[in-house]
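Everything on this sheet refers to the single structure shown next.
The values are calculated or read from the model by the stated rules, or taken from the named source; none is laboratory data. All values reported here derive from a predicted model rather than from experimental measurement. Reconstructed Cβ throughout: ideal geometry from the backbone, glycine too, with neighbour counts over all protein chains shown. Accessible surface is based on the protein model in full, side chains and every heavy atom, while ligands, DNA and RNA are left aside. Shrake-Rupley method; radii C 1.70, N 1.55, O 1.52, S 1.80 Å.
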Amino acid sequence: MPFPCTTPFTEPSAFRSLRAHDRPVRLRTSTGDTGWLVCRYADTRQLCADQRISRSHPDPPNAPRLWTAPLFAPVADPETELQRHQAGRRALSSAFGRRSIAPLAGAAQSVLDSILDGLSDRTGPTDLCAELAAPFAARMVFDVVGVREEDRPLCLHRSHLLRVSEGPPPVLDPARIRVMADTGQDEATLAFFDVTEHETLAARIAYGLLFLLAYPDQLCRLQRTPALISSAVEEILRLAVPGGSWIPRYAREDIEFGPILIERGDLVVFSLQSANRDEGVFPDANRFLIDRSPNQHIGFGYGKYHCLAAHLSRLLLRTAISTVFSRMPGLRLAVPLDRIEVDRTQVTGGLNALPVVW
């Protein structure tokens, strides 16, 4: 693990048999280490919320790793990591909370309209990943956090380095700290800013557009019944888990979990993609149904590591879906479905491209 996603629509075939086990399974990782894979819905919720699991490891240089990418690298403060994590969340919760995000609907619409205005006279294929989803997500996240225009290229580059699977971890430079200081943040928020998910958010927007293009019956239903937009967004969030949403963590102490013992320092890996396709929780789990109810997915994680940008993600997905298909009548893929490829160069995945015409 992690298992590669070969298409945007299906999960790796191994997950179905692994979910049949009544416990997490110990597997080898891409680095040659071993770790516990948690892929069932109930197990994921329970262990994500367990305070004995965190990013801390007693010996980070020798910790088992899921991948070589710096993203989610182990940290060396088991006594204070959770407290610092909570402090960082508090520092940014006002910016990313529901009350702060809801009034941004107008700004999101304006930003998206300006992007679409620039695409309006295109006659050839357009990549909605690079030319719509990515700039839309990055602009909105940086606006929310308060990053200045001149500092945004630096932040985009650092974010990319955190997600690629080769090369040394990026070094924090003084300019990076200055960004945080100028926006009234402190260094406790740094880890959150680096993983505020603008790339994952952009990937989910692209996935959402792709799913609706790939399932025209669901798109037609949404266009006939616009009130289904919120339900459609939740179904996209359930299935659109770029890269599989693999979350590596570590046991801070021994944990007895059913018949197994997760020992202190063990790698514990959560696959949100698998949990969100657990047949015991989601009937017809592999079908894309915009009116699925109930839909208690955990596409944003669960418990103490629930994604801070969840409300912003939902807002941008609603804005993109409701606007793109109305502004681009006749929107369709410019290549066959089997030509849409998953990005395997970054651990957060996504699509290589989403070429369309209209």
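Okay, here's what the table says:
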{"item": "Mean accessible surface per residue for segment 249-358, computed with a 1.4 Å probe while every protein chain stays in place, in Å²", "result": "42"}
{"item": "Average silhouette area of segment 237-358, convex hull of alpha-carbon atoms, in square nanometres", "result": "10.2"}
{"item": "For peptides 126-135, 337-346, sequence by mean Cβ density within 10 Å, most packed first", "result": "126-135, 337-346"}
{"item": "Using distinct alpha-carbon pairs, which all enter the 1/r mean, Kirkwood radius of segment 1-135 in Å", "result": "19.4"}
{"item": "HN-Hα J in Hz across segment 206-219 - Karplus 6.51, -1.76, 1.60, θ = phi - 60°, x for Gly and Pro", "result": "4, 4, x, 5, 5, 4, 5, 6, 7, 10, x, 5, 6, 5"}
{"item": "Scattering curve values for segment 1-79, log₁₀ I(q)/I(0), Debye with Cα scatterers, q = 0.11, 0.19, 0.23, 0.24 Å⁻¹", "result": "-0.35, -1.01, -1.29, -1.32"}
{"item": "5 angstrom amide H check on Ile53, placed H, neighbours 5+ away", "result": "Arg252"}
{"item": "Shape of segment 69-173, Cα gyration tensor, a/c cut at 1.5", "result": "oblate"}
{"item": "Accessible solvent surface per residue of segment 1-148, calculated while the other protein chains remain in place, 1.4 angstrom probe, Å²", "result": "47"}
{"item": "Amide proton proximity set for Val75, modelled H, under 5 Å, gap of 5+", "result": "Ser56, His57"}
{"item": "Cα-Cα separations in segment 54-131 greater than 14 Å, expressed as whole percent", "result": "77"}
{"item": "Local net charge near Pro294, Cβ-Cβ under 13 Å (Lys/Arg +1, Asp/Glu -1)", "result": "-1"}
{"item": "Accessible carbon and sulfur surface of segment 1-159 relative to its total accessible area, %, 1.4 Å", "result": "53"}
{"item": "Charge-dipole axis of segment 50-92 as Lys and Arg at +1 and Asp and Glu at -1 on Cβ define it, positive-most pick from Asn62, Gln86, Ala76", "result": "Gln86"}
{"item": "At q = 0.20 Å⁻¹, base-10 log of I(q)/I(0) for segment 200-264 (Debye sum, equal scatterers on each alpha carbon)", "result": "-0.79"}
{"item": "Pairwise FRET efficiency - Arg23 versus Arg90, Cβ, R0 = 25 Å, nearest 0.05", "result": "0.10"}
